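The values are calculated or read from the model by the stated rules, or taken from the named source; none is laboratory data. As the structure is a prediction and not an experimental result, all values here were calculated from the model. So basically every Cβ, Gly included, is an ideal-geometry build from the backbone, and we count neighbours across all protein chains shown. Please note that ligands, DNA and RNA were not included when accessible areas were found on the heavy atoms of the full protein model with its side chains. Shrake-Rupley method; radii C 1.70, N 1.55, O 1.52, S 1.80 Å.
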Amino acid sequence: MSIVGETSETMAEKAAFQVIVLGPTGGPREDSVTGILVRSTATKWSPNSVVAVDAGTLLAGIIRLLERYIPECTDDQGMMTSGPFQGLGLPCRTPQANAAHVFREIIGAVLITHPHLDHISGLAINTPVLEAGNGPKPVAALPSVLSALKNHMFNDVIWPNLSDEDGGPVCLHISAWWKVETLASVVEIVEATHGRCKQRYHPETGTHHRVGSTVFSDHQLMIPSRAISVDHTDGSFYSPARSPHILPSNPKEPMMATVESSAFFLRDHHTGTEIIVFGDVEPDCVSMGTHNKRVWEAAAPKIATGKLRAIFIECSYNDSTDDSYLYGHMCPRHLVFELSVLANRVLEIRDVSTGEKKRKRETVGPVESGSEQVSPKTKRALSSCVDAGKISESLIEPRSHPSGSFDIPRIPRVDFEEVLGHPDPQTWIHTTPLPLEGLKVYIIHIKENLTDGPHPGEQILKELQHHGEAAHLGCEFFIPNPLEGIWI
């Protein structure tokens, strides 16, 4: 498997960012689920210089990393001389004590993409170490994600309320930020989608709802979630908030809502270099939405100018997985198609900036009204990097849950051309440079199969490279080694 290895000191000196993937998987092992550290290299490991993106694995990953390098790679003054933490001064003797120091003093904020357990469990378990820290640790996310953390995690039921709200002991400062300013970088949050979920009907309220969920809907009657209200004076310490719900015309009909996730744009103050770190994400051609396309619209100008250097994104399963079993995740055929949408937009921007005549691209034909089939033009556009047969069927037809417990209703159609962005790799096959040349794509969320066979990442990487070559993208794909530094 081609993976990211140790980098040279020269690369480290030239890099704007260092990224350490503490947890590269989406389970089922609980000790290596998603957790990433990001820092601007200009900070020189100053206090609060590191941002953690997701916290399924956090303190445990730092301990494992330090155990690998202490004491062999520390000098007499306690300075790390090699490894991902090279240049970091450690005040303690043991990996455990030094990991607590890193968590308290060096990590300045924790960004949460979405509140599934494989992205937040470490945040809860690790919070007691902050009691001896200097003030609360900032936690930033979309409003619905923070609502879920308050309602379902730090609620004195699943885990003690350790936030600075409702009388907590002030270990965490939980607030909704669309832009986060750190010591040497700026973080902007863009919404993404992680699939759809069923709204449950509650006869006592006459509504469909999921208490405190992180779902949003394009339905005009969707009511946003609110944080819980805690009153310790009357002994009623937990009062669930009213959650997002839809007022149904027929209460027995199942209602669907979209699970909200995030993409974080991180920009280094000193160089202007940017990276994107995604949470779990569903392809637009399955969701029939445009959330990813909005991310690509924001990313394309940055790639065209050479500022955006890397994307960290999931690819949970290989291409043998049918769309109905992806559960809001990606596989190689979908990820490469998403990147083709991005590539198409990058070339459009380059054409405008250079004054060249816009390339002639084949337009994707819309789905005919009342038809259950994707048009031939759409199939041709999909064929270079997507199994058009599987995709067309899953986009149009209702899908059955594998357990057979319920049927997912038909999702309303949207404009097909708006979703797909009509990428046609044949129109840029001879373009120099290729649209995504120089861009590095790191896969950070793979579902392990725990078998005697090869790691699933090997097949996923082969499929990504094959599809990417056929689509003439120009980007490189990598599966990071856990606990190693990536220089960008």
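Brief remarks on what is shown
- Put Val139, Val190 in order of accessible area, highest first, and with a 1.4 Å probe you get Val190, Val139.
- Annotation for Ser353 and Lys307: the two label points, set 7 Å from Cα along the Cα-Cβ direction, are 1.0 nm apart.
- Peptides 431-438, 48-55 ordered by packing proxy, namely the average of other Cβ atoms within 10 Å per residue, highest first: 48-55, 431-438.
- Among 94-104, 63-73, the peptide with the highest mean count of other Cβ atoms within 10 Å heads the list, and the full ranking is 94-104, 63-73.
- Once the C-beta distance of Asp31 and Glu72 is scaled by a Förster radius of 30 Å, the resulting FRET efficiency is 0.85 to the nearest 0.05.
- Which of His472, His114 is most accessible, then next, and so on - probe 1.4 Å: His472, His114
- Measuring r between the beta carbons of Lys44 and Arg294 and using R0 = 41 Å, the FRET efficiency lands at 0.70.
- Chain lengthening between Tyr325 and His269 when straightened (0.36 nm per residue, less Cα-Cα): 16.1 nm
- Ranking by accessible area, most exposed first, for Cys92, Cys475 with a 1.4 Å probe: Cys92, Cys475
- Here the dipole of region 9-140 is about 200 debye; that uses its Cα centre as origin and unit charges on the Cβ of Lys and Arg (positive) and Asp and Glu (negative).
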